[in-house]
1. Just need a number here: residues in the range B:91-111 that are under 15 Å from A:PRO42 (Cα atoms) and of a type in the set (Ser, Thr, Tyr).
2. Mind checking whether some residue in the range B:97-106 is in contact (Cβ under 8 Å) with a residue 24 or more places away in the chain, within 9 Å of another protein chain (Cβ to nearest Cβ), under 25 Å from B:GLU15 (Cβ atoms) and more than 10 Å from the chain's Cα centre (by Cα)?
3. Would you tally the residues in the range A:105-115 being more than 10 Å from the chain's Cα centre (by Cα) and assigned to a loop (DSSP other than H, G, I, E, B)?
4. Which condition from (1) assigned to a strand (DSSP E or B); (2) within 9 Å of another protein chain (Cβ to nearest Cβ) is the one that B:ARG41 breaks?
5. Inside the range A:44-71, can you point out the residues that are more than 12 Å from the chain's Cα centre (by Cα) and in a strand (DSSP E or B)?
6. Quick one: would you say A:LEU88 is in a strand (DSSP E or B), more than 11 Å from chain B (Cβ to nearest Cβ) and either touching a Phe, Trp or Tyr at 6+ places or on another chain (Cβ under 7 Å) or more than 16 Å from A:LYS18 (Cβ to Cβ) (or both)?
7. Right, B:LYS26: away from chain A (no Cβ under 12 Å), among the basic types (Lys, Arg), part of a loop (DSSP other than H, G, I, E, B) and farther than 20 Å from A:PRO43 by Cα or not?
Amino acid sequence: DTEVTQTPKHLVMGMTNKKSLKCEQHMGHRAMYWYKQKAKKPPELMFVYSYEKLSINESVPSRFSPECPNSSLLNLHLHALQPEDSALYLCASSQHTVGQGYEQYFGPGTRLTVT
Amino acid sequence: SQQGEEDPQALSIQEGENATMNCSYKTSINNLQWYRQNSGRGLVHLILIRSNEREKHSGRLRVTLDTSKKSSSLLITASRAADTASYFCCEGSGNTGKLIFGQGTTLQVKP
């Protein structure tokens with residue numbers, strides 16, 4: 001199984017809502033990532049988890065809160081978002097982070113609209 | 001910005017022709033990776049080339065790397081309509097797993 005799954009596929013939320021994005025992989029990968037992608041732009045890294053511990057936070061606002069409950073699951077909790085946070089949120093995983101380089105496997109993304 | 005540049009930004013060719021995309025990067029890479037993204041969907045890994053490699057092949061794909069010029073190129077031979085997508089080169093770190101994406105090249109292959 002080389003698939004990364006993300007739920008939901010689409011999400012519309014108001015600025016006062018709290019919601020969560022979910023990501024799952026069963027490839028035994030020990031590194032997981034969240035990216036944000038705006039239309040016609042490249043993905044931008046938000047967070048990196050290595051062995052279930054947060055290893056990189058790219059100065060992401062605190063209204064985005066990541067969580068890695070176990071080695072297969074990655075969540076992104078959303079609270080008090082702004083309309084400019086509307087984007088495609090991509091999850092990815094790789095075998096490890098440290099070494100000679102590992103390909104990342106991406107999920108299909110969650111398209112988030114903040115109203 | 002740490003992001004590299006890709007050239008051209010957009011490319012339109014006929015089916016059967018070859019497509020070449022170029023990438024310039026800024027950091028001291030451990031590896032360079034190429035990904036494809038079909039419209040508004042997840043990314044698919046195409047090929048990874050390490051900093052001590054100069055050329056790599058995978059099917060119809062050929063990637064070159066010139067670390068002295070901090071540049072890479074992706075060649076797709078005998079293109080197909082299904083190759084229509086955005087292509088990104090990514091600078092890879094050997095310490096953090098972090099990928100820095102270039103701006104991307106949008107390829108259209110006309111049937």
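The values are calculated or read from the model by the stated rules, or taken from the named source; none is laboratory data. Note that the structure is predicted; figures quoted are calculated from it, not measured. Backbone-built Cβ (ideal geometry, glycine too); neighbour counts: all protein chains shown.
1. Total satisfying the criteria: 2.
2. Yes, there is a match, as at least one residue in the range B:97-106 is in contact (Cβ under 8 Å) with a residue 24 or more places away in the chain, within 9 Å of another protein chain (Cβ to nearest Cβ), under 25 Å from B:GLU15 (Cβ atoms) and more than 10 Å from the chain's Cα centre (by Cα).
3. Total meeting the criteria: 2.
4. The failed condition is (1).
5. Passing the criteria: A:SER50, A:LYS53, A:LEU54, A:SER55, A:ILE56, A:PRO69, A:ASN70.
6. So A:LEU88 does not fit the description; no.
7. no
One line per residue, one yes/no per condition, for (1) buried (at least 18 other Cβ atoms within 10 Å of the Cβ); (2) in contact (Cβ under 8 Å) with a residue 24 or more places away in the chain:
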site	(1), (2)
A:TYR33	yes, yes
A:PRO42	yes, no
A:LEU45	yes, no
A:ASN57	no, no
A:GLU67	no, no
A:GLN100	no, no
